[in-house]
Amino acid sequence: MKLRVLAVGTRMPGWVAEGVEEYRKRMPRECSLLIEEIPPGPRGKNADVARAITQEGDRMLARLDADLQIVALDVQGRPWSTPELATRLDGWKLDGRDVALLIGGPDGLDPRCLARADARWSLSRLTLPHPLVRVVLAEQLYRAWTLSIGHPYHR
Ligand SMILES: C[S@@+](CC[C@H](N)C(=O)[O-])C[C@H]1O[C@@H](n2cnc3c(N)ncnc32)[C@H](O)[C@@H]1O
């Protein structure tokens, strides 16, 4: 099973790339974590934000194969505790399909991506910057895996 993080944004600052890599490399082969960057739509003076979100959505949807479990990272979603995430991780492993975890860009996820998701997960009631969401997500997936195997990292 692969955990595919589909995240809008390229050229992340070094601390983001290093933070994600720190946890990505700790994941086992049978539960590998992949980061797939989605180029952002054009923004700037006179840019049409709705159009940028639609372009990002088109790019994200093009990567969502039919045989996937899809989780949208969404402030308005359901909060999952780390033990709940570990239970879900066990369920995903049993199911065997790859899991896509969707992170929107500065203006959020395209509504079509939210509609495709099997679950919406809120990390907190705070709106977090999307680069930071990558790091928190990677750490929580690693933490959930350590919990599911009884590794002392989680205590
Ligand atoms: C800067 S936020 C976008 C804010 C936008 N107003 C919205 O409501 O989605 C960028 C992305 O980070 C993720 N995100 C930010 N805060 C989050 C949170 N507390 N829980 C889950 N995902 C979050 C979401 O995927 C969001 O699309």
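Every number in this text was worked out from the coordinates using simple rules, so none of it is lab data. Being a predicted model, the structure only gives us computed values, none of them experimental. Cβ: placed from backbone, ideal geometry, glycine included. Neighbour counts: every protein chain shown.
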Which is farthest toward the positive dipole end of the stretch 2-149 among Leu126, Ser81, Tyr142, measuring Cα position about the Cα centre, with Cβ charges +1 (Lys, Arg) and -1 (Asp, Glu)? Leu126
Dipole of the stretch 2-149, Cα-centred, from +1 at each Lys and Arg C-beta and -1 at each Asp and Glu C-beta, to the nearest 20 debye? 140 debye
Descending principal axes extents, the stretch 1-88, alpha-carbon based, whole Å: 45, 30, 25
Enter the angle in degrees (range 0 to 90, nearest 10) between the Cα long axis of helix 82-95 and the first principal axis of the Cα atoms of the chain, meaning the one along which they spread out most. 90 degrees
As a footprinting exposure proxy, order Met60, Met1, Met12 by other Cβ within 10 Å, with the fewest listed first. Met1, Met12, Met60
Taking every other residue with Cβ under 11 Å from the Cβ of Asp65 and scoring Lys and Arg +1, Asp and Glu -1, one gets +1
Return the single residue from Val75, Val49, Val16 with maximal mean-square fluctuation; model: Gaussian network over the chain, springs between Cα atoms under 10 Å. Val49
Show which lysines lie in cross-link reach of Lys25 when reach means a straight Cα distance below 22 angstrom and same-chain residues fewer than eight apart are skipped. Lys2, Lys93
Want the number for Ser122 to Asn46: 0.36 nm per residue separation, take away the alpha-carbon distance, what's left? 24.2 nm
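Arranged by the count of other C-beta atoms within 10 angstrom, fewest first, what order do Cys113, Cys31 take?
Placing the least packed residue first, the sequence is Cys31, Cys113.
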Counting only DSSP beta bridges with both partners in the chain, the antiparallel fraction in percent, to the nearest 5, comes to 5 percent
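Considering every pair of different Cα atoms, what Kirkwood radius, in Å, is found for the stretch 115-155?
Value: 11.9 Å, from the Cα pair sum.
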Residues whose placed amide H lies under 5 Å from that of Trp80, excluding near-sequence neighbours: Ser122
Could you compute how fast the stretch 69-155 diffuses translationally, taking Rh as the Kirkwood radius over C-alpha pairs and applying Stokes-Einstein at 25 °C with viscosity 0.890 mPa s? Give it in µm² per second. 182 µm²/s
For the stretch 2-149, what D do you get in µm² per second when you plug the Kirkwood radius from alpha-carbon pairs into Stokes-Einstein at 37 °C and 0.692 mPa s? 211 µm²/s
